[in-house]
Amino acid sequence: MLRNSVREFAETEIKPKVQHMDDTNEVPMDVIEKMAKLGFIGIMVPREFGGLGMGNMARVIMLEEIGNVSAAMANTLQCIQLGISPVVTDGTEEQKKKWLPSLVRGEGLSTFASTEPVGGSDVLGMQTTAKREGENYVINGRKCFITNSHLPGVHTVVARTGEGSKGLTVFLVQSDTPGFQPGREESKIGLRGCDTGELIFQNCTVPKENVIGKEGDGLRITLSTISNVGRPGITSAALGIIRSCLTEAVKYSKQRILYGKPISELQAIQWKLTDIHTDYETSRLLTYHAAWLRDKGERCDAENAMAKFWASEAAIRCAQKTIEIFGAHGLMKELAPQRLLRDAELLLAGAGTSEIMRLVIARKTLSMA
Ligand SMILES: Cc1cc2nc3c(=O)[nH]c(=O)nc-3n(C[C@H](O)[C@H](O)[C@H](O)COP(=O)(O)OP(=O)(O)OC[C@H]3O[C@@H](n4cnc5c(N)ncnc54)[C@H](O)[C@@H]3O)c2cc1C
């Protein structure tokens with residue numbers, strides 16, 4: 001039921017906007033408002049705080065369906081959920097009551113801000129500082145490549161409060177706080193219509209009540225949020241792209257007539273179609289398996305990394321094969337294949353690159369014998 005209703009929403013509310021989003025890079029705020037009303041933002045937020053109280057499997061199915069129509073919209077939604085997640089996992093009862101109901105209603109959109117110009121892979125290398133001054137913290141620094149950076153709302157920001165692995169802390173910063181301003185807005189090759197940019201903090205003062213978890217918990221919260229929420233989110237968007245490739249490629253190959261018959265009868269075309277199909281099923285099983293483990297309360301960082309590594313790379317090769325099946329048509333802007341490839345390329349670095357995924361998987365691999 002969930003899959004069908006999200007699919008219907010994506011087809012009727014998002015699909016008509018996809019070309020405009022790609023052409024203009026504008027974020028369709030009305031679609032985000034509608035998703036909030038339907039409970040999409042709070043799918044995993046407990047019911048007592050206004051959410052739907054569903055699990056990880058439900059979330060990946062929802063994002064896959066949205067990603068099948070627009071990976072950009074899937075990434076916008078999954079990053080809003082990413083920013084909310086630390087309040088759910090590590091917030092106090094008081095913080096949950098204060099922040100969650102309005103965030104779930106879409107009255108303020110969330111981000112999760114970790115990456116800095118010094119490098120996203122090296123989380124501990126971050127340089128944004130938060131200094132305790134009386135009852136407040138004063139934040140100074142700059143974040144980059146942050147999804148939803150220019151949308152009004154609440155930024156979940158990781159900053160340095162001390163030295164080493166216990167020296168990071170997570171803060172909620174409302175976008176109208178003095179000393180905060182969005183910086184450069186990026187123009188990406190893909191995921192257009194999904195906002196990406198910088199956050200700038202210049203003596204931005206937030207009360208100590210805005211600390212999520214305890215001071216020094218930032219590394220743990222960041223790594224678990226990115227692994228359990230960010231990676232499945234990106235993976236589901238990739239899964240949506242792969243399914244789109246499969247549908248587009250099969251449909252086109254049956255319609256395109258060469259030598260008096262459809263190209264789907266050429267064995268070389270069939271091999272490309274079977275490769276896309278196999279990538280879809282493999283990516284889907286890895287994604288659902290990781291979500292199922294998480295719903296059972298089991299550790300699944302290696303499985304999340306494996307699904308993200310496989311699906312984000314598969315999305316690129318499937319989009320390339322779809323373009324090849326379409327011939328020159330695949331490279332024309334009014335048809336989907338070229339957009340699917342540009343969108344897929346953006347998913348490779350989001351929530352960690354393939355090299356970082358391999359590092360996470362290797363820890364489990366090496367513990368197996
Ligand atoms: C579409 C999109 C949305 C994003 N949204 C967000 C967001 O909402 N919030 C956020 O905080 N960030 C976000 N990011 C940033 C993303 O998390 C980073 O791009 C990612 O972590 C990689 O960091 P980097 O781009 O700085 O590359 P670097 O960290 O500079 O890496 C450069 C290269 O070195 C390689 N490398 C790094 N370390 C190792 C290693 N140990 N071994 C081998 N190779 C290594 C990398 O794989 C890469 O090839 C987003 C990025 C994209 C593309």
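The values are calculated or read from the model by the stated rules, or taken from the named source; none is laboratory data. This structure is a prediction, so every number in the text was calculated from the model and none was measured. All Cβ positions, glycine included, derive from the backbone under ideal geometry; neighbour counts span all protein chains shown. Keep in mind that these areas ignore ligands, DNA and RNA; they rest on the heavy atoms of the full protein, side chains included. Shrake-Rupley method; radii C 1.70, N 1.55, O 1.52, S 1.80 Å.
Odds and ends about this structure:
- Per residue accessible area in Å² of the range 174-274, where ligands, DNA and RNA are left out and the probe is 1.4 Å: 45
- Residues whose amide H falls under 5 Å from that of Gln174, counting only those 5 or more places apart or on a different chain, are His155, with hydrogens built in the peptide plane.
- Ordering of 48-58, 240-250, 254-264 by packing [mean C-beta count within 10 Å, highest first]: 240-250, 48-58, 254-264
- Tensor-based shape of the range 115-156 (alpha-carbon gyration tensor, a/c under 1.5 rounded, otherwise prolate or oblate): oblate
- Cα shape, the range 48-130, gyration tensor, a/c 1.5 rule: oblate
- Relative contact order (percent, whole number), the range 225-279, Cα cutoff 8 Å, 6+ residue spacing: 29
- Straight-line cross-link partners of Lys97 among the aspartates and glutamates, defined as a Cα under 18 Å from its Cα and at least 8 positions apart when in the same chain: Glu48, Glu107, Glu209.
- The separation of the range 1-80 from the range 234-258, counted between C-alpha centres, amounts to 20 Å.
- Put the Cα centre of the range 307-327 next to the Cα centre of the range 160-193 and the gap is 31 Å.
- With 22 Å as the limit, the listed pairs Lys37/Lys296; Lys15/Lys37; Lys98/Lys214; Lys15/Lys333; Lys15/Lys188 have Lys37/Lys296 beyond it between alpha carbons.
- Cα long-axis angle, helix 93-104 against the chain (0 to 90 degrees, to the nearest 10): 40
- Angle in degrees between helix 301-326 and the longest Cα principal axis of the chain, rounded to the nearest 10: 40
- Entry for the range 83-173 at q = 0.12, 0.23, 0.26 Å⁻¹: log10 I(q)/I(0) = -0.38, -1.24, -1.36, Debye formula applied to identical alpha-carbon scatterers, no solvent contribution.
- From its DSSP helices (H runs of at least four residues, each -39,500 (n - 2.57)), the chain gives a residue-normalised ellipticity at 222 nm of -16500 deg cm²/dmol.
- The residues Met44, Met126, Met1, Met368, sorted by heavy-atom accessible surface at 1.4 Å with ligands and nucleic acids left out, run Met1, Met368, Met44, Met126 from largest to smallest.
- Between Glu93 and Lys166, the FRET efficiency from the beta-carbon distance, with R0 = 22 Å, is close to 0.35.
- Over the range 127-204, equivalent-ellipsoid semi-axes from the Cα gyration tensor in Å: 24, 14, 9
- For q = 0.06, 0.09, 0.12 Å⁻¹, Debye-computed log10 I/I(0) when each Cα of the chain counts as one equal scatterer: -0.22, -0.49, -0.86
- Full extension of the segment from Gln127 to Lys251, taken as 0.36 nm per residue of separation minus the current Cα-Cα distance, would add 39.6 nm.
- Charging the Cβ of each Asp and Glu at -1 and of each Lys and Arg at +1, and nothing else, the dipole of the range 1-95 about its Cα centre rounds to 280 debye.
- Anisotropy class of the range 32-77 from Cα gyration tensor, a/c 1.5 cut: oblate
- Using a probe radius of 1.4 angstrom, the carbon and sulfur fraction of the accessible surface of the range 252-369 is 60%.
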